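The values are calculated or read from the model by the stated rules, or taken from the named source; none is laboratory data. All values reported here derive from a predicted model rather than from experimental measurement. Cβ sites come from the backbone with ideal geometry, for glycine too, and all protein chains shown count toward neighbours. To get the accessible areas, we keep the full protein, side chains included, count just its heavy atoms, and leave off ligands, DNA and RNA. Shrake-Rupley method; radii C 1.70, N 1.55, O 1.52, S 1.80 Å.
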Amino acid sequence: MSADGSVSTNSAVKPNGVGHPLWLLAEITYKCPLHCVFCYNPIDYATYGKELSTDEWLKVLKDARAIGAAQLGFSGGEPLMRDDLEIMVAEAHKMGYYINLITSGVGLSEKRIAALKEAGLDHIQLSFQDSTKEMNDFLSSTKTFELKNRVAKLIKQYDYPMVFNCVIHRLNVDHVGKILEMAETMGAEYVELANTQYYAWAHYNREHLLPSREQLVRAEAVTDEFRKKVGDKMRIFFVAPDFYETRPKKCMNGWGNLFIVITADGVVLPCHEARMLPGITFPNVRDGGDVKSIWYDSDAFNKYRGDGWMKEPCRTCPEKEKDLGGCRCQAFMLSGDATNADPVCDKSPHHQIVLDAVAKAQGPEKKVLAIKPLTFREDKNSRLITETEGSAAYRE
């Protein structure tokens, strides 16, 4: 296991060639006090079923650990909105998981962090939306910036590595330097500047969020200079948005390869967003199937394993092992067919869709898009925003 909590790949496989999952993401609730415009939770999450109970979650964790899952992420929504989180952490610790809490910080009081430490929590990833109160609170439609700063101090006080995450997009990409300075002041050891990947709410708001190429180049240059300044004191990861690549990412390191998601209502997925795909019935742990049989034997998890499902140009592409055709969800969202080559790839017959989106994002200070408002995580918070308004909030 590395210093940042990642687990090395175990080569053990079943006779049918399917390895075991290493990373389990437990999305224990979709409830969240934040209303971020780039949230990856499904837009229709309010229609989903009742959340798994404590006992149901403990069975899921036990079953997944039994087939090899070693790294566990508690996520959401905001996982701290579950008052049984400490119970889950304690039991997962006994099972031998390395446990990561992925949080906005809302709800992480000193009492709770002390309890989580005692329970065996290994790692906390804290998210910010920007480097100032005005923009952080605007982008999440909350008043949480000062609370997040208090939580950052608690994380250091309780001897956790400071893992700082900020989702980057058009409205804050020009603030990367200040965001990095803030992370340094907090004593962050790990910083992830995760450019928005355009799914769920971010896909809906893409025309407002996709940065220009000039902005990205400038932000990467600022990041590189900052790396030189801090040296080994801070590890900084700058995750580029797919839309500016000519090859797609190897999504989740391959469908049903290393990564498994259990949603708040018990649906089991190979990635965060797969539930959107039509024609696939994803199993639910409440329907009698155990995690082992779902992972190895379900039609859903075997649907896009390997390359037998591929059509041209992926089927005969000499690079197909590098990206496995890209992201099935992105292919569906952009081209309407999950079996198509990911349109991010410049070999895809649908690549023009990506080029058109990128072209729209170019130019200095793009004017407000009156096509539709910038929509926050809850429809009741929908409103129109201009970039000059956002910039003014940052300057105040």
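Things worth noting here:
- The mean sequence distance of close C-alpha pairs (under 8 Å, at least 6 residues apart), as a share of the length of the chain, puts its relative contact order at 18 percent.
- Debye equation applied to the C-alpha atoms of the chain, log10 I(q)/I(0) at 0.06, 0.13 Å⁻¹: -0.23, -1.21
- The range 59-162, relative contact order [Cα under 8 Å, separation at least 6], %: 24 percent
- Above-threshold pairs, the threshold being 31 Å between Cα atoms, out of K50/K320; K50/K153; K143/K178; K111/K143; K31/K347: K50/K320; K50/K153; K31/K347
- Cα→Cβ-extended label distance, 7 Å offset, between D232 and E86, nm: 3.8 nm
- Positive end of the dipole of the chain (Cβ unit charges, origin at the Cα centre): among C32, V173, N100, the Cα lying farthest that way belongs to V173.
- Carbon plus sulfur fraction of accessible area for the chain, probe 1.4 Å, in percent: 53 percent
- Distance from the Cα centroid of the range 147-185 to that of the range 32-98 is 23 Å (rounded to whole angstrom).
- Furthest towards positive pole of dipole, T263, A274, C251, structure part the range 207-338, Cβ charges: C251
- Accessible-area ranking of H350, H169, largest first, probe 1.4 Å: H350, H169
- The sum of -39500 (n - 2.57) across all DSSP H runs of n ≥ 4, divided by the residue count of the chain, sets its helix-only mean residue ellipticity at 222 nm to -9500 deg cm²/dmol.
- Spin-label model, L355 to K111: label points 7 Å out along the Cα-to-beta-carbon direction sit 6.0 nm apart.
- Hits among aspartates and glutamates - C-alpha to C-alpha of K148 under 19 Å, sequence gap 8 or more where chains match: E78, E110, D130, E134, D137, D159, E181, E184, E189, E192
- Solvent-accessible surface ranking, highest first, for T246, T196 at 1.4 angstrom: T246, T196
- Listed by chain and number, the aspartates and glutamates whose alpha-carbon sits under 19 Å from that of K62, ignoring those within fewer than 8 places in the same chain, are E27, E51, D84, E86, E91, D122, D265, D287, D290, D297.
- Per-peptide average of other Cβ atoms within 10 Å, ordering 136-145, 218-227 highest first: 136-145, 218-227
- Computed E for D287/T185 - FRET, C-beta separation, R0 35 angstrom, nearest 0.05: 0.10
- Accessible area of R315 in the full protein assembly, 1.4 Å probe (Å², nearest 10): 110 Å²
- Dipole magnitude for the range 139-181: computed about the Cα centre from +1 point charges on Lys and Arg Cβ and -1 point charges on Asp and Glu Cβ, it is near 140 debye.
- Cβ charges +1 (Lys, Arg) and -1 (Asp, Glu), total dipole of the chain, debye: 200 debye
- Per residue, the range 152-219 exposes an accessible area of 34 Å² to a 1.4 Å probe, with every protein chain left in place.
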